[in-house]
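The values are calculated or read from the model by the stated rules, or taken from the named source; none is laboratory data. Please read all numbers here as calculations on a predicted model, not as lab measurements. In this analysis, Cβ positions are derived from the backbone assuming ideal geometry, glycine residues included, and neighbour counts consider all displayed protein chains. Side chains included, ligands, DNA and RNA excluded: accessible areas come from the protein's heavy atoms. Shrake-Rupley method; radii C 1.70, N 1.55, O 1.52, S 1.80 Å.
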Amino acid sequence: MAQYLITGIAGFIGSNIARALLARGEQVRGIDNLSTGNRANLVDIGPKIDFHEADILDTDAITKACKGVDYIFHEAAIPSVPKSVKDPVSCNRACVDGTVSVLVAARDAKVKRVVYAASSSAYGDTPTLPKREDMMPNPISPYAVAKLTGEYYMSSFYRCYGLETVSLRYFNIFGPFQDPTSPYSGVLAKFTTQMLKGEQPTIFGDGETSRDFTYIDNAVSANLLACHAPAAQVAGKMCNVATGTRFTLKETFEILKKLTGYTGTVAYAPEREGDVKHSLADVSKAAECFGYKTLVDFEDGLRRTMEWYKTQG
Ligand code: UD1
């Protein structure tokens, strides 16, 4: 049995990774400052994890959290494009300084591997689709810059200190435990819960914006595969984690209409600052490096997500 540390364990992706690890009988420790994470996400697994309520920027706390750890999933962040446009300093502190803090502690604790939550936002608005890892990054928002900087730190710690790191560029992950209540929440969490309640959702822009929306189980599987793939195939590398398909916001609204039974219309508002127009991944590198494949497609994922939100009232 290995010892795992999940940073941001009370968040949407962190808590889902924790559940998957516990199902495999692993030992799970988590650190979270509960700034964007939520204790409610840990309700079902609380007694089974070693939870440290602390900030990854707190050197003593992260040093303690890394003690005896074999593998780290680094999910802690302030995960929002618009929030970063509003407050780039906090975004940088959480995503860049926080990442360096985790890496230093991981290096000193002789952790075997760090798997990092990187972001598709690094590609920015380059016109070529699908996005491949060998393309020049072109970050637009402070969030994209911060997440990309984290990737560079990951590969730097591998090259300078031999700490094995893997960066996973997530493409719009959605699913159970994603918070729908913040103005910065992911679009699918918002739309699904709004439409279930009969409330009108709002599309920012003309509705043609497209995303490679990726159900959470795919991201969790990518993390576990990347964590245990041979070092020669993954260490110091970065791979897309997505489905290789894209849907526009308009199409998404129509699918959700059928799923939720919502009978109203959608509202339109101006495009958000820092937004990327189209996003679609090439997922062949993840397949080559660690045998990644899409487990749950978009529509099935949306159905599962909706069913989960229904059970949450
Ligand atoms: C971006 C990143 C993603 C990252 C995420 C963190 C890209 C391509 N993706 O997601 O990798 O994980 O930040 O938060 O940069 N929208 C509406 N109505 C709403 C809410 C959102 O129309 O009520 C629109 C947004 O303007 C955007 C799209 O839906 O065009 C997706 O937004 P969101 O779910 O917030 O994710 P991204 O910003 O694409």
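Gyration tensor analysis over the Cα atoms of segment 1-150 returns equivalent ellipsoid semi-axes of 27, 16, 16 Å (largest first, whole Å). The candidates Arg211, Arg159, arranged from most to least accessible area with a 1.4 Å probe in the full protein assembly, appear as Arg159, Arg211.
Could you work out the equivalent-ellipsoid semi-axes for segment 232-276, taking the square root of 5 times each eigenvalue of the Cα gyration tensor, largest first, in whole Å? The partial results should precede the final answer.
Working: eigenvalues 228, 58, 10 Å².
Semi-axis lengths for segment 232-276 are 34, 17, 7 Å.
The Cα-based radius of gyration of the chain, divided by its Kirkwood radius, gives an Rg/Rh of 0.95. Diffusion of segment 1-87 by Stokes-Einstein, at 10 °C in a medium of 1.306 mPa s and with Rh set to the Kirkwood radius over alpha-carbon pairs, works out to 122 µm²/s.
With distances taken between every two different alpha-carbon atoms, segment 149-250 has a Kirkwood hydrodynamic radius of 15.7 Å.
For Ser156, the solvent-accessible surface computed with a 1.4 Å probe is close to 40 Å², ligands and nucleic acids excluded.
Of the accessible area of segment 130-270, computed with a 1.4 Å probe over protein heavy atoms only, carbon and sulfur atoms account for 54 percent. Per-residue packing, averaged as other Cβ atoms within 10 Å, sorts the ranges 11-20, 270-279 into the order 11-20, 270-279, beginning with the highest. Identify the chymotrypsin sites (Phe, Trp or Tyr not before Pro) of segment 168-272 meeting these criteria: DSSP loop state and at most 16 other C-beta atoms within 10 Å of the C-beta. Answer in residue order: Tyr184. When nucleic acids and ligands are ignored and a 1.4 Å probe is applied, Arg304 ends up with an accessible area of around 100 Å². For Cys160, the accessible surface of its heavy atoms amounts to roughly 90 Å² (probe 1.4 Å, protein chains only, rounded to the nearest 10).
Helix content alone sets the calculated 222 nm mean residue ellipticity of the chain: runs of n ≥ 4 DSSP H residues at -39500 (n - 2.57) each, divided across all residues, give -11500 deg cm²/dmol.
So what is the diffusion coefficient of segment 218-292 in µm² per second by Stokes-Einstein at 4 °C and 1.567 mPa s, using a Kirkwood Rh over Cα pairs? All intermediate terms of the calculation are to be shown ahead of the outcome.
Details: Rh = 15.3 Å.
It comes out at roughly 85 µm²/s.
Compute the separation of the alpha-carbon centres of segment 149-226 and segment 64-105 and state it in Å as a whole number. About 15 Å separates the Cα centre of segment 149-226 from the one of segment 64-105.
Take the alpha-carbon positions of segment 142-201, form their convex hull, and give its projected area averaged over all directions (one quarter of the hull surface) in nm².
Computed as one quarter of the Cα hull surface, the answer is 5.5 nm².
Sorted largest first, the spans of the alpha carbon positions of segment 199-255 along the three principal axes are 47, 19, 15 Å.
Per-residue accessible area (protein heavy atoms, 1.4 Å probe) orders His74, His228, His52 as His228, His52, His74, starting from the largest. Computed on segment 22-177, with alpha-carbon pairs under 8 angstrom and 6+ residues apart, the relative contact order is 22 percent.
With only Lys, Arg, Asp and Glu charged, each at its Cβ (+1 for the first two, -1 for the last two), find how big the charge dipole of segment 22-84 is about the Cα centre; round to the nearest 20 debye. In debye, rounded to 20, segment 22-84 gives about 100.
Measure nothing but the geometry: give the 0 to 90° angle between the long axis through the Cα atoms of 216-228 and the longest principal axis through the Cα atoms of the chain, rounded to 10°. Tilt of helix 216-228: around 20 degrees. Solvent-accessible surface of the chain, averaged per residue with a 1.4 angstrom probe and all protein chains in place: 42 square angstrom.
Relative to the longest principal axis of the Cα atoms of the chain, the long axis of helix 187-196 makes an angle of roughly 50 degrees. Take each peptide in 124-130, 101-107, count the other Cβ atoms within 10 Å of every residue, and average; sorted highest first, the result is 101-107, 124-130. So which residue, out of Leu280, Leu21, Leu188, gets the largest mean-square fluctuation from a GNM of the chain using Cα contacts under 10 Å as springs? Among Leu280, Leu21, Leu188, the largest GNM mean-square fluctuation belongs to Leu21.
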